[in-house]
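Have a look at the structure below, then the notes.
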Amino acid sequence: MKMLLKNAFILIIIIPLVNTAFAQDALRAKITELAKPAKGIVGVSVLSLEDRDTLNYNGNARLVLQSVMKLPIAMAVLHLVDSGIFTLDKTIHIKKRDLPKTYSPLRDKYPNGNVDVPLSELLSDMVSLSDNDACDILLKQIGGPDQVMYYLHKIGIRGINIEASEADMAKAWEVQYTNWCKPVDMVKLLDAFYNGKVLKPATKDFLYKILTETSTGPQRVKGLLPAGTVVAHKTGSSGTNNAGLTPGTNDVGIITLPNGKHVAIAVFVCNSIADEKTRDAVIANIAKAVYDYTAAKN
């Protein structure tokens, strides 16, 4: 009788694990199919932030960052706020030469420069609006990409590389490829951020808020999720060359599930020859599959 009870207990433990493995295999197979229309390299990494379940698809590929780089840049700036070097209400004097012609709502607001702008406004423009000029102004304030890399290495993130500013990338097509990340490391960064391992509560809450206010890429991670789903995310988008090649269409962030738990997700579509609508749909469909899987599991 004792042996029968022991065996029954083992079955109770093993069967849920087997079911989880089957469910993950099914999700991975679905992601494989959903990635095909991109006609490029699709990298996906997923982590349930409370339950710690993970899933990766090309998770260790080195894929073009584009404006997703603004997330680690924001974290590096906020680390200096935590350290007492900056404050969120510190003003930065912006000259007209700091506002080159690129995508920049900041320049639209202050076309002639010669204005003092709070650090908090520059961070919000850079993250929520993906402002290129705000990005480069903040990079200059902290000492350039090398300082972002120093910060990332200090907090144990090795699979993200940032060498070029927005201005650098505007000079030559191939420069964008020097800024890359592995999806697994982007999710590791999201995990460290969300779980309060790298920023103090006030700066963490500030960054989370401006991530939820992101207006770019509405048809990507958020595209097929239920209305009202809270997503704190950062997008990245490259141009398309004359051959129809698009190096980067990306979205990374944290989705709040119906039960209040959270899942970190990074989806990168690299070197795709599909059109923009298709690339966005690939990200949206993968995010919906992850959402459905994690919401049902919890």
Taking a quarter of the surface of the Cα convex hull of the stretch 226-298, what do you get in nm²? 4.8
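Per residue of the chain, what 222 nm ellipticity follows from adding -39500 (n - 2.57) for every DSSP H run with n ≥ 4, rounded to the nearest 500?
On the way: 10 runs with 135 residues, N = 298.
Calculated from helices alone, the mean residue ellipticity at 222 nm is -14500 deg cm²/dmol.
With a Förster radius of 51 Å, plug the Cβ-Cβ distance of residue 108 and residue 245 into 1/(1 + (r/R0)^6) and report the FRET value to the nearest 0.05. All intermediate terms of the calculation are to be shown ahead of the outcome.
Working: r = 30 Å, r/R0 = 0.58.
Approximately 0.95, to the nearest 0.05.
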On the full set of protein chains, 1.4 Å probe, figure out the accessible area of residue 39 and give it in Å² to the nearest 10. 130
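At a 10 angstrom cut-off on C-beta neighbours, averaged per residue, how do the peptides 63-70, 236-243, 173-180, 75-82 rank from highest to lowest?
Numbers: 63-70: 26.6, 236-243: 15.4, 173-180: 17.1, 75-82: 21.1.
Ranked by mean Cβ neighbours within 10 Å, highest first: 63-70, 75-82, 173-180, 236-243.
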Accessible-area composition of the chain, carbon plus sulfur, in percent [1.4 Å probe]: 56
Report the relative contact order of the chain, percent, no decimals, based on alpha-carbon pairs under 8 angstrom and at least 6 residues apart. 25
For the chain, built as a Gaussian network whose Cα springs stay under 10 Å, the top-fluctuating residue of 280, 168, 191: 168
Charge dipole (the stretch 149-298, unit charges on Cβ, about Cα centre) - positive-most of 296, 238, 267: 296
Packing-wise, with mean Cβ within 10 Å as the measure, how do 216-224, 113-121 rank, highest first? 216-224, 113-121
Which whole-Hz ³J(HN,Hα) couplings does the stretch 102-114 yield from phi under the Karplus relation 6.51 cos²θ - 1.76 cosθ + 1.60, θ = phi - 60°, glycine and proline marked x? 8, 6, 7, x, 4, 5, 4, 6, 10, x, 9, x, 6
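Give the accessible surface of the stretch 83-127 per residue, rounded to a whole number of Å², with probe radius 1.4 Å and ligands, DNA and RNA excluded. All intermediate terms of the calculation are to be shown ahead of the outcome.
Working: 2570 Å² over 45 residues.
With the other protein chains kept in place, the stretch 83-127 gives 57 Å² per residue.
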Please compute the alpha carbon radius of gyration of the stretch 192-253, then divide it by the globular-protein estimate 2.2 N^0.38 Å. Two decimals is fine. 1.38
Value of D in µm² per second that Stokes-Einstein yields for the stretch 49-164, Kirkwood Rh from Cα pairs, at 4 °C (1.567 mPa s): 84
At a Förster distance of 51 Å, what's the computed FRET efficiency of residue 219 paired with residue 150, Cβ-Cβ distance as r, to 0.05? 0.90
Output wanted: per-residue J couplings in Hz (rounded whole) for the stretch 94-101, from phi through Karplus 6.51 cos²θ - 1.76 cosθ + 1.60, θ = phi - 60°, x for Gly and Pro. 10, 9, 4, 5, 7, 10, x, 6
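What ranking, highest mean first, results for peptides 53-59, 285-291 when packing means the other Cβ atoms within 10 Å averaged over each residue? Present the calculation step by step, with values, prior to reporting the outcome.
On the way: 53-59: 19.0, 285-291: 22.3.
Those peptides, ordered most packed to least, come out 285-291, 53-59.
Output the Kirkwood hydrodynamic radius of the chain, Cα pairs only, in Å rounded to one decimal. Kindly include the intermediate steps, with their values, before the conclusion.
Values: mean 1/r = 0.0500 Å⁻¹.
Kirkwood radius, the chain: 20.0 Å.
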Sorted by chain and number, the residues with a modelled amide H under 5 Å from that of residue 262, at a separation of 5 or more or across chains, are 49, 50, 257
Could you pull the Cα extents of the stretch 113-251 along its three principal axes, largest to smallest, in whole Å? 43, 39, 36
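The values are calculated or read from the model by the stated rules, or taken from the named source; none is laboratory data. Here the structure is a predicted model, which is why all the values come from computation and not from measurement. When we count neighbours, we look across all protein chains shown, and the Cβ atoms used for this are built from the backbone with ideal geometry, even at glycine. What goes into the accessible areas is simple: the full protein's heavy atoms, side chains included, and nothing from ligands, DNA or RNA. Shrake-Rupley method; radii C 1.70, N 1.55, O 1.52, S 1.80 Å.
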